[in-house]
Amino acid sequence: MPIRAILFDLDGTLIDQFEAIHRSFESVLTQMGYPKPSYEMVKRAVGGASLTTMTKLIGPERAEEAVRLLRPIFEEKMLSGLKALPGSREILDFCQNKALKTAVLTNKHGPHARAVCDHLRFSPFLSFTLGADDTEWKKPEAQLTLHALSRLGLSAEQSLYVGDSPYDLETAARVGMKCLLVSTGTHTQQELEELSPGVVRSDLFEIMETALPSLL
């Protein structure tokens, strides 16, 4: 069945916001008396919601406290170093020209995700941006993805999920949706290929050139 919509992850897929993410986590952890986390440590921990990332970095005991401190700090820094990843604007334009619906489905805090999409001028191309705390669910829970598909008015079989991590692969798998991954985020191309050979591309340009034509 040809696809009629693409759901996108955000961090590592459409955007690079790791500079602000790292600075914010570094600020919180040092404020709480923990050692400074390296850029690579934070990047490797990102993938779930903020609480999941924080738990990976410092354990569960003080993770909720750390997340409460994180939000206002991140809001001050969130646009620092923010970049659209290669092919992000082009693939949204491609989808618009092909009459494909697009939306963002992310575990980033919903208001932050929408602020980023507004800042980078992605929002006019998107049906919606759905993030953490917008519903009671988080990726990879099937209820969240089905909720997003319902808002698009389409089935999983008519849709494609594009992301950069094992979370994204599982998000699609739980509802039977096709998935493609890019290696521009938290995992290398080799790591992603080991999870699911054949679904990984180097970037969004390659998805447009080599994968989408056969799916439309």
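The values are calculated or read from the model by the stated rules, or taken from the named source; none is laboratory data. Computed from a predicted model, the values in this text were never measured in an experiment. So basically every Cβ, Gly included, is an ideal-geometry build from the backbone, and we count neighbours across all protein chains shown.
Residues checked against (1) of a type outside the set (A, V, I, L, M); (2) modelled with pLDDT under 95; (3) farther than 21 Å from THR188 by Cα; (4) assigned to a loop (DSSP other than H, G, I, E, B):
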{"site": "LYS43", "(1), (2), (3), (4)": "yes, yes, no, no"}
{"site": "THR52", "(1), (2), (3), (4)": "yes, yes, no, no"}
{"site": "LYS56", "(1), (2), (3), (4)": "yes, yes, no, no"}
{"site": "GLU65", "(1), (2), (3), (4)": "yes, no, yes, no"}
{"site": "PRO72", "(1), (2), (3), (4)": "yes, yes, yes, no"}
{"site": "GLU75", "(1), (2), (3), (4)": "yes, yes, yes, no"}
{"site": "SER80", "(1), (2), (3), (4)": "yes, yes, yes, yes"}
{"site": "CYS95", "(1), (2), (3), (4)": "yes, no, yes, no"}
Review point. In region 125-151, what residues are in a helix (DSSP H, G or I), under 22 Å from LEU216 (Cβ atoms) and not aliphatic (A, V, I, L, M)?
Key: PHE125, THR145, ARG151
Review point. Name the pairs whose Cβ atoms lie under 7 Å apart, with the first residue in region 106-119 and on the phi < 0 side of the Ramachandran plot and of a type in the set (Gly, Ala, Ser), the second modelled with pLDDT of 95 or more and not in a strand (DSSP E or B), and 6 or more positions between them or separate chains?
Key: GLY110/ASP134; ALA113/LEU10
Exercise for review: Of all residues in region 130-154, count the ones that are surrounded by fewer than 21 Cβ atoms within 10 Å (Cβ to Cβ), of a type in the set (Val, Ile, Thr) and closer than 22 Å to SER88 by Cβ.
Suggested key: 0
Review point. Which condition number in (1) surrounded by fewer than 19 Cβ atoms within 10 Å (Cβ to Cβ); (2) modelled with pLDDT of 95 or more is the one that PHE8 fails?
Key: (1)
Exercise for review: Could you tell me which residue of region 165-177 is nearest to MET208 (Cα to Cα), considering only residues that are at pLDDT 95 or above, out of contact with any Cys (no Cβ under 7 Å at 6 or more places or on another chain) and surrounded by 19 or more Cβ atoms within 10 Å (Cβ to Cβ)?
Suggested key: MET177
Point to revise | Number of the exception - ILE15 against (1) out of contact with any Cys (no Cβ under 9 Å at 6 or more places or on another chain); (2) in contact (Cβ under 8 Å) with a residue 60 or more places away in the chain | key: (1)
Point to revise | Qualifying residues in region 189-214 (those that are touching a strand residue (DSSP E or B) at 6+ places or on another chain (Cβ under 8 Å) and assigned to a loop (DSSP other than H, G, I, E, B)) - the one modelled with the lowest pLDDT | key: SER196
Exercise for review: Only residues that are buried (at least 24 other Cβ atoms within 10 Å of the Cβ) and either in a helix (DSSP H, G or I) or among the charged types (D, E, K, R) (or both): list them for region 155-164, please.
Suggested key: ASP164
Review point. Is at least one residue of region 103-111 in contact with a helix residue (DSSP H, G or I) (Cβ under 7 Å, 6 or more places away or on another chain) and within 20 Å of PHE205 (Cβ to Cβ)?
Key: yes
Review point. Which residues, taken from region 34-65, are in contact with a helix residue (DSSP H, G or I) (Cβ under 6 Å, 6 or more places away or on another chain) and of a type in the set (A, V, I, L, M, F, W, C)?
Key: VAL42, ALA45, VAL46, LEU51, MET54, LEU57, ALA63
Practice item. Please name all residue pairs, on different chains or six or more residues apart, with Cβ atoms under 7 Å, provided the first residue is in region 27-47 and is over 21 Å from PRO166 (Cβ atoms) and the second residue is among the hydroxyl-bearing types (Ser, Thr, Tyr). Key: LYS36/THR30
